[in-house]
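Below: one structure, written as structure tokens.
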Amino acid sequence: MSKDYNPKEIEAKWQKIWEDKSFNRSEADPDKEKYYVLEMFPYPSGKLHMGHMRVYSIGDVLARFLRMKGYNVLHPMGWDAFGLPAENAAIQHQVPPAQWTDNNIAFMKKQQVSLGLSYDWEREVTTCHPDYYRWTQWLFLKLYEMGLAYKKKADVNWCSQCETVLANEQVIDGACWRCGTGVVTQDLEQWFFKITQYADRLLEDLELLEGWPERVKIMQKNWIGRSEGAEVDFPVKDSEKVISIFTTRPDTLYGVTYMVLAPEHPYVKELVAGNQQEKEVLDFVEEMRRVSEIERTSAETEKLGVFTGAYCINPLNGEEIPIMVGNYVLMGYGTGAIMAVPAHDQRDFLFAKKYNLPVKLVIKPEGSDLTSENMTEAYEDPGIMVNSAHFDGMDSQECIGEITRYLEIKNWGKHDISYRLRDWLVSRQRYWGAPIPIVYCGKCGTVPVPYEDLPVKLPEDVELKDSRQSPLEESEEFQKAPCPRCGQEGRRETDTMDTFVCSSWYFLRYASPHSEVFPFEREDVDYWMPVDQYIGGIEHAILHLMYARFFTKALYDAGLTGVKEPFSRLLAQGMVYKDGAKMSKSKGNLVTPDEIIENFGADTGRLFILFAAPPEKDLDWNDQGVEGCYRFLRRVWRLVNDNKDHVIPGENDIKVQDLSTLEKETYHTLHSTIKKVSEDIQKRFNFNTAISAIMELVNALYSYLDKVEEGKVNKALFSRSIKELIIILAPFAPHICEEMWSDAVGAEESVHLQDWPHYEPEALKAADIEIVVQVNGKVRDKIKIPVDYNQEEMLNAAKDLPKVQSHLEGKNIIKEIAVPNKLVNLVVK
RNA sequence: GCGAGGAUGGCGGAACUGGCAGACGCGCUAGACUUAGGAUCUAGUGCCCUUACGGUGUGCGGGUUCGACUCCCGCUCCUCGCACCA
């Protein structure tokens, strides 16, 4: 151990030793309690950024801490390696996507190692390697077998920039989640996963997720968008057709004065065929097609509509009502048609006023004189039923059920639940993804590739041209395949899977990364799953976290896992900013993990990123703050290095009663620090306060050395303090602690294999405590008293203080309050 | 509009169950050591009044309490998510 702290030297040294000893490996062991710590695996974009460094630092502290606590910890890492950037890079730099990706992975893995992250690299998974995507395909076939994967023609979101379709979740404000290009709808044949079949379970089981942030659960709940109501059939006048609508307000059915169809509704064309309104309606529909999704769905957009010339019949009262086509009705929700009740829905009200359609009041607030004529806005609250035949006089909320039952008896409609959630569109017209294992046969139709024929390999000798056409569509060799069923020549599906499919099950593969028989072994996932602590960015609140939950549930149904939810606890870590803005090259505020490691070492970087803010909050990067952490580590280094002589190996027995007052204080600080650090890490995830407590301990030890008489250092106490300091700092700054542990402490075994120290309640009671003495709630003095003083002793001690007495003079004490370990308050008058 | 979270020194943040507001760190000020200091150490650092004594202070206005950053009522502002969802 040299005199100066040299992070570069010791970090490289220990990283090598750790790798050789590989004690981060984990084996399933039913006799040990397991803990699965997982950080969201990265896309191998090329280099780690500060966001990565933050999430890995959080996970690594937890993993190291829990190992020392005696848990059997699984802490794996891998690569979400399929995706469009690899294709773009291939075109730009003339490198095959596989090569580009593998190079990036190699580089980023080196960076991760240089951060001192304690991953079990034996379990590394890479989603673009055949030994992984083979199992992604296997799971696709499983879902297909279960009827959860299907192909259909539908209006889908198309990103012209990425030249592929997108799932609904991947359209943010009408634009592509990746490149921001506005999406357009196209009518295409595509593969879907039936996530809607799990809508209720995805919603209900949110309640099981006590360890998830409330906001993430709410976001998922909103996204699923469950509404309960009724589906009602309205027969079209002079026609065999029936228009179905969905409503959450069957109690307003008698107030329907018109219907509105979405412009894309399949009946529109037929309803206007050959009539006067045909041209106007078709022009309107055409115009709506041209308006972008963003404009169409904005709440501010003016509500527009045209009359179709057709009428339908309200089944409840036989009234004829006009059918309109309107821009504010969406084909993607409910049935694409609505009943309009202007009296009780504000949108309908505005629309009715604009187009002079009738308003009919059917629910009245109790005791009011509201009428159809005098209302100035829709009345949306519950009330008393009017103008509703035999339901008149009833409570409107009761009528929701009553009228639904009536509809069911009469066969006019039924109770129904509608969701905002759509099925997950998983096919992509891209090359760099897992091929969908399907063959189309002229005779047999759509035929799944047999499990034993997997993987359907991506051809790697492809040329990516600027055309953006998937090379798979041009590859005769890839497409030509015998039909698995009849042997005739068929053609392979050329679409690949959404990369979110690959990331929907990777946490299961970590449990049995080398299985050649199954995607994962039941025995392994039974031991390791669920992930006890998942850590990642809030940007995945819906996308990845919803898909992974869906997969887990489907695989549960298939009997492949025994867990209903994949992630017990979720920590959504905040972003890393600098100077109030997101770090980026273009803004010139970029700080990279590499330069921090280069200038200060990984330990300093880890410490700062954990110290600067609690993990779930956004973090403002501050170069001077980094230097502060560097200074702290050097201060620890000097403390240990300069006082090696006082450190004696082996057990250090300490008898409290033999300690001096100064020693008792130090002993007390040591143990209250251990208590605080343990709780801050495990219970609160407040690494920032854990680190500050360790800093206080270091200050206290310096102060002890400063105060103690020359040559009178209590070696047992000091040794024990130094050892436990190194142990509790080790999860945060693993390299420097390992070096100090091996050199100053002289231990053979790694500091990371030590047991986490226990705090001793006896130590916490060793020293006197300082309490506050207040008069009328104002602090007038402080006093040191033994911990076990009772209330009377506290009060007596307080009243004896001269400063207190000066405030009591000439006054009567009317109340005395004594809170043990805290304060005394004397109320006087 | 709906929902969630937040507002504490010059800055990042702490105060966990109602009990010393500002721990810890950064920055700043003064001093020590030094050829030098951007190393290290010591002291100080919410605001106000000349020191002390004291007063005052956690977005704003009320309330409960011996005691409120913390609980209750009413506002303001900020961030995020959702938003024609029938």
Inset, instruction - Would you check which residues across segment A:292-311 are near RNA strand B (Cβ under 7 Å from one of its atoms) and either assigned to a strand (DSSP E or B) or touching a residue at least 60 places away in the same chain (Cβ under 8 Å) (or both) and list them? - result: A:297
Legend entry - Some residue of segment A:548-559 being out of contact with any Ser or Thr (no Cβ under 6 Å at 6 or more places or on another chain), aliphatic (A, V, I, L, M) and at pLDDT 95 or above: yes
Legend entry - Filtered residue count, segment A:538-569, keeping only those that are open to solvent by 10 Å² or more (accessible area, probe 1.4 Å) and in contact with a strand residue (DSSP E or B) (Cβ under 6 Å, 6 or more places away or on another chain): 3
Legend entry - For residue A:477: the one exception among (1) farther than 22 Å from residue A:426 by Cα; (2) surrounded by 21 or more Cβ atoms within 10 Å (Cβ to Cβ): (2)
Inset, instruction - Return the total of residues in segment A:261-290 being free of Cβ contacts under 8 Å to residues at least 12 places away in the same chain and among the aliphatic types (A, V, I, L, M). - result: 1
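Being within 16 Å of RNA strand B (Cβ to nearest atom) and part of a helix (DSSP H, G or I), is that true of even one residue in segment A:758-765?
If we filter segment A:758-765 for residues that are within 16 Å of RNA strand B (Cβ to nearest atom), which is where we start, we get A:759, A:761, A:764-765.
Then drop every residue that is not part of a helix (DSSP H, G or I), which leaves A:761, A:764.
There is at least one residue in segment A:758-765 that is within 16 Å of RNA strand B (Cβ to nearest atom) and part of a helix (DSSP H, G or I).
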Legend entry - Residue list for segment A:312-334, restricted to those being surrounded by 20 or more Cβ atoms within 10 Å (Cβ to Cβ) and either away from RNA strand B (no atom under 15 Å from the Cβ) or part of a loop (DSSP other than H, G, I, E, B) (or both): A:312, A:314, A:316, A:327, A:329, A:334
Inset, instruction - Mind listing whichever residues of segment A:767-792 are near RNA strand B (Cβ under 9 Å from one of its atoms), closer than 23 Å to residue A:665 by Cβ and open to solvent by 50 Å² or more (accessible area, probe 1.4 Å)? - result: A:770, A:779, A:782
Legend entry - Only one of A:679, A:710 that is surrounded by fewer than 21 Cβ atoms within 10 Å (Cβ to Cβ) and part of a loop (DSSP other than H, G, I, E, B): A:710
Inset, instruction - Return only the number of the condition from (1) touching a residue at least 12 places away in the same chain (Cβ under 8 Å); (2) farther than 22 Å from residue A:296 by Cβ that residue A:183 does not satisfy. - result: (2)
Legend entry - Residue selected from segment A:794-829 under the condition among the small types (Gly, Ala, Ser) and on the phi < 0 side of the Ramachandran plot, by the criterion surrounded by the fewest Cβ atoms within 10 Å (Cβ to Cβ): A:806
Legend entry - residue A:44 being over 30 Å from residue A:163 (Cα atoms), out of contact with any Leu (no Cβ under 6 Å at 6 or more places or on another chain) and not in a helix (DSSP H, G or I): no
Legend entry - Failed criterion for residue A:11 (all others in (1) crowded, with 22+ Cβ neighbours inside 10 Å; (2) within 30 Å of residue A:505 (Cβ to Cβ) hold): (2)
Inset, instruction - Take residue A:678 and decide whether it is over 23 Å from residue A:604 (Cβ atoms), within 16 Å of RNA strand B (Cβ to nearest atom) and polar (S, T, N, Q). - result: yes
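Yes or no: residue A:824 over 23 Å from residue A:665 (Cα atoms), in contact with a helix residue (DSSP H, G or I) (Cβ under 8 Å, 6 or more places away or on another chain) and hydrophobic (A, V, I, L, M, F, W, C)? Reasoning before the result, please.
Values: over 23 Å from residue A:665 (Cα atoms): no; in contact with a helix residue (DSSP H, G or I) (Cβ under 8 Å, 6 or more places away or on another chain): yes; hydrophobic (A, V, I, L, M, F, W, C): yes.
Against the criterion (over 23 Å from residue A:665 (Cα atoms), in contact with a helix residue (DSSP H, G or I) (Cβ under 8 Å, 6 or more places away or on another chain) and hydrophobic (A, V, I, L, M, F, W, C)), residue A:824 does not qualify.
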Inset, instruction - Could you tell me whether any residue of segment A:81-103 is of a type outside the set (Phe, Trp, Tyr), surrounded by 19 or more Cβ atoms within 10 Å (Cβ to Cβ) and over 25 Å from residue A:469 (Cα atoms)? - result: no
Inset, instruction - State all residues of segment A:378-418 that are hydroxyl-bearing (Ser, Thr, Tyr) and in a loop (DSSP other than H, G, I, E, B); if no residue qualifies, say none. - result: A:379, A:388
Inset, instruction - Please give the number of the condition residue A:186 fails out of (1) more than 16 Å from RNA strand B (Cβ to nearest atom); (2) farther than 25 Å from residue A:554 by Cβ; (3) at pLDDT 95 or above. - result: (3)
Legend entry - Subset of segment A:714-740 (residues that are open to solvent by 30 Å² or more (accessible area, probe 1.4 Å) and assigned to a loop (DSSP other than H, G, I, E, B)): A:714
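Wholly within segment A:554-643, which helices (runs of 4 or more DSSP H) include no fewer than the required count, namely at least 2 residues that are more than 25 Å from the chain's Cα centre (by Cα) and either within 11 Å of RNA strand B (Cβ to nearest atom) or on the phi > 0 side of the Ramachandran plot (or both)?
Working: elements: A:593-599, A:602-611, A:623-641.
Passing ranges, in order: A:623-641.
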Legend entry - Unmet requirement for residue A:144, which otherwise passes all of (1) within 19 Å of residue A:192 (Cα to Cα); (2) free of Cβ contacts under 8 Å to residues at least 60 places away in the same chain; (3) open to solvent by 20 Å² or more (accessible area, probe 1.4 Å): (2)
Inset, instruction - Being among the aliphatic types (A, V, I, L, M), touching a strand residue (DSSP E or B) at 6+ places or on another chain (Cβ under 9 Å), part of a loop (DSSP other than H, G, I, E, B) and at pLDDT below 85 narrows it down to one of A:804, A:787, so name that one. - result: A:787
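Rundown of residues vs (1) of a type in the set (A, V, I, L, M, F, W, C); (2) closer than 27 Å to residue A:7 by Cβ; (3) touching a residue at least 12 places away in the same chain (Cβ under 8 Å), yes/no style:
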residue: A:583; (1), (2), (3): yes, yes, yes
residue: A:595; (1), (2), (3): no, yes, no
residue: A:603; (1), (2), (3): no, yes, yes
residue: A:631; (1), (2), (3): no, yes, no
Inset, instruction - Quick one: count up the residues across segment A:396-418 that are surrounded by fewer than 18 Cβ atoms within 10 Å (Cβ to Cβ) and in contact with a helix residue (DSSP H, G or I) (Cβ under 9 Å, 6 or more places away or on another chain). - result: 6
Legend entry - Residue list for segment A:433-466, filter: under 19 Å from residue A:102 (Cβ atoms) and among the basic types (Lys, Arg): A:457
Legend entry - Residues of segment A:277-319 that turn out to be of a type in the set (A, V, I, L, M) and under 17 Å from residue A:256 (Cβ atoms), as a count: 3
Inset, instruction - Output the residues belonging to segment A:335-377 that are touching a residue at least 60 places away in the same chain (Cβ under 8 Å), over 35 Å from the mean Cα position of the chain (by Cα), part of a loop (DSSP other than H, G, I, E, B) and within 16 Å of RNA strand B (Cβ to nearest atom). - result: A:341, A:345, A:357, A:359, A:360, A:362
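Within segment A:445-458, track down each residue that is part of a loop (DSSP other than H, G, I, E, B) and surrounded by fewer than 15 Cβ atoms within 10 Å (Cβ to Cβ).
Kept after step one, since they are part of a loop (DSSP other than H, G, I, E, B), are these residues of segment A:445-458: A:449-450, A:454-458.
Hits for segment A:445-458 are A:450, A:457.
The values are calculated or read from the model by the stated rules, or taken from the named source; none is laboratory data. Since we're looking at a predicted model, the values are computed, not measured. Every residue, glycine as well, gets a Cβ built from its backbone with ideal geometry; the counts of neighbours run over all protein chains shown. Just the protein is used for accessible areas: all its heavy atoms, side chains included, with ligands, DNA and RNA removed. Shrake-Rupley method; radii C 1.70, N 1.55, O 1.52, S 1.80 Å.
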